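Working notes, beginning with the structure itself.
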Amino acid sequence: MNLITVSGPPSTGKTSVILKTIEAFKNRNLKVGVVKFDCLYTDDDILYEKLGVLVRKGLSGSLCPDHYFVSNIEEVVQWGIKNDLDILITESAGLCNRCSPYINDIKAICVIDNLSGVNTPKKVGPMLTMADIVVITKGDIVSQAEREVFASKVHTVNPRAITMHVNGLTGQGAYELSTIIYDEDIKLKSLKGEKLRFSMPSALCSYCLGETRIGEEHQLGNVRKIELGDKNDK
């Protein structure tokens, strides 16, 4: 079984890209399954079911969806193997720019869109810089020059990744993506002992544990304060 992790900021078109790519896989008679991770709500599983894809979803609730992902990914892999999947795709929630949902030796795809701003690639951390493939969406509603500049910015922060454009509405580029991410020689059995490509965002402060009151006296644990300069500065 191949495991493919797909992540990206909110509303970049991750689900649309995956759906079009699955259509290409199905034309090759490959059995595909999807596990969708989200925070509070998702109905994307209905879209996958309509395509005839085996799907499960997991909601992290009050937990960081990235931590929730890592805590459950081994069980997800065993579920995929049990169902004789050729390809298992995990789709993350729309993550914060510091998240790092990638695992060593597991294909990692970051979906980012042209409308997010030309400097957005510089603001995205391991989710973009550690990806194997960067898929740029919504290129049909910007100019060719804007597409090229945005792709150049992506290449600057992650020169090792394959950068490609995929249209989530028409499916243009999805077939090419499907040929890159599937390797028939890979036979994944387990993720036990494997490592993340980059550490998770630091956490465990009083607010993580349910504190709602504001003020330094209520702040315990891993807390970082902003540098505002000398009190006499104007």
Please compute the modelled spin-label separation between residue 96 and residue 157, points set 7 Å along Cα→Cβ, answer in nm with one decimal. 1.6
Among 204, 115, 128, the residue with the largest mean-square fluctuation in a Gaussian network model of the chain built from Cα contacts under 10 Å is 204
Give 107/192; 20/195; 31/57; 31/192; 31/187; 82/195 a once-over and call out the pairs whose C-alpha atoms are over 21 Å from each other. 20/195; 31/192; 82/195
A student applying the Cα gyration tensor rule (rounded when a/c is under 1.5; otherwise prolate if a/b is larger than b/c, oblate if not) would label the chain oblate
Once all Cα-Cα distances of region 32-75 are split into 5 Å bins that start at 0, what whole-number percent is in each one? 6, 24, 29, 21, 16, 5, 0
Using helices alone, what [θ] at 222 nm do you get for the chain, with -39,500 (n - 2.57) per DSSP H run of 4 or more residues, divided over all residues and rounded to the nearest 500? -8500 deg cm²/dmol
For residue 225, which aspartates and glutamates qualify as cross-link partners when the Cα separation must be under 15 Å and same-chain residues fewer than eight apart are set aside? 216, 217
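Every read-out reported here was derived from the displayed coordinates using simple, explicitly stated rules and does not represent laboratory data. Remember, predicted model here, so these are calculated numbers, not experimental data. So basically every Cβ, Gly included, is an ideal-geometry build from the backbone, and we count neighbours across all protein chains shown.
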